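Only one structure is covered here, and it is reproduced in the block below.
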Amino acid sequence: MNEVVETLRKIEEKYKLFQQQQFTFIRALERTREEAHDMMRPVSSIVQVQCYKDNHCYNATDRRILNMFVSLCNELRCLSQKMETVHAGDSVTNGLLEKCKLLLNDSNDLTALRATYPHGVVNLLSLEEAQHRYGGVVSLLPIVLDSMRDWVTHSNLKVLYIVSPGCARCKEETPTSQTAPEALTSNSNENTVKLQDKDFKKFLAANQRPQKKKAPWRPPGKHPY
């Protein structure tokens, strides 16, 4: 998990640099689309950007920024595959990963994709550019990064739940002296896979600090006890 978090952090740093050069990215797309005689279609997929870079890009600056976009997509795709191996997954994390893998598919249609607040990437475009040219392609990376951050947050909550000493599951385990190590490992893996969101309520209830009861009120004066 630590490796996933660190990789995501590094990708986010690269994306910040890319985001600062959005105007350069749009101009590069403009020039390569013109070279390709493809000015009518919106930029609607990763493979379309790759095609412009490989076949219609004759400017070093344009090639650099287009390659930066494609590289970020590839790194995020690799990270999504790694995420599947480090966490057993539940309905929430699996849904987030499926969303990322779909969006990062080379031929996925990005035309209707729009990043909303707090992201301002679409607002930096003109109305024509946002609606009919680049609104989808500039929205891809921030939306995928948001989903991956949500995946990390949810996965960390699950880990904290599983390892907590107050977990009800731990109390029900067979004593170590009576159970082989292999059986303990198997039980642990099975419990992780079967973990459901509703167990959080039981977990929180079992670990709440008990409230100290107040003594009943007595009128002032001496009492035998």
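The single residue among Glu128, Glu75 that is touching a residue at least 12 places away in the same chain (Cβ under 8 Å), of a type in the set (Asp, Glu) and either open to solvent by 20 Å² or more (accessible area, probe 1.4 Å) or closer than 17 Å to Gln50 by Cβ (or both) turns out to be Glu75.
Per this entry, Leu113 is not counted among residues that are surrounded by 13 or more Cβ atoms within 10 Å (Cβ to Cβ), under 16 Å from the mean Cα position of the chain (by Cα) and modelled with pLDDT of 95 or more.
Scanning segment 93-110 for residues that are under 11 Å from the mean Cα position of the chain (by Cα) and among the hydrophobic types (A, V, I, L, M, F, W, C) yields Leu96, Leu97, Cys100. Look at (1) within 23 Å of Ile143 (Cβ to Cβ); (2) surrounded by fewer than 17 Cβ atoms within 10 Å (Cβ to Cβ); (3) not charged (D, E, K, R) and you find that Asn2 fails only one, number (1). The lone criterion from (1) surrounded by fewer than 16 Cβ atoms within 10 Å (Cβ to Cβ); (2) of a type in the set (A, V, I, L, M); (3) over 17 Å from Leu140 (Cα atoms) left unmet by Leu17 is number (3). Do we find a residue being of a type in the set (D, E, K, R) and either open to solvent by less than 30 Å² (accessible area, probe 1.4 Å) or modelled with pLDDT under 95 (or both) anywhere in segment 46-65? Yes; the residues of segment 46-65 include at least one that is of a type in the set (D, E, K, R) and either open to solvent by less than 30 Å² (accessible area, probe 1.4 Å) or modelled with pLDDT under 95 (or both). When you check Arg27 against the structure, is it within 17 Å of Leu125 (Cα to Cα) and either surrounded by fewer than 17 Cβ atoms within 10 Å (Cβ to Cβ) or charged (D, E, K, R) (or both), yes or no? Yes.
The values are calculated or read from the model by the stated rules, or taken from the named source; none is laboratory data. Values in this document were obtained by computation on a predicted structure and should not be read as measured data. We place every Cβ from the backbone using ideal geometry, glycine too, and count neighbours over all the protein chains shown. The accessibility values were calculated without ligands, DNA or RNA, using every heavy atom of the protein model including side chains. Shrake-Rupley method; radii C 1.70, N 1.55, O 1.52, S 1.80 Å.
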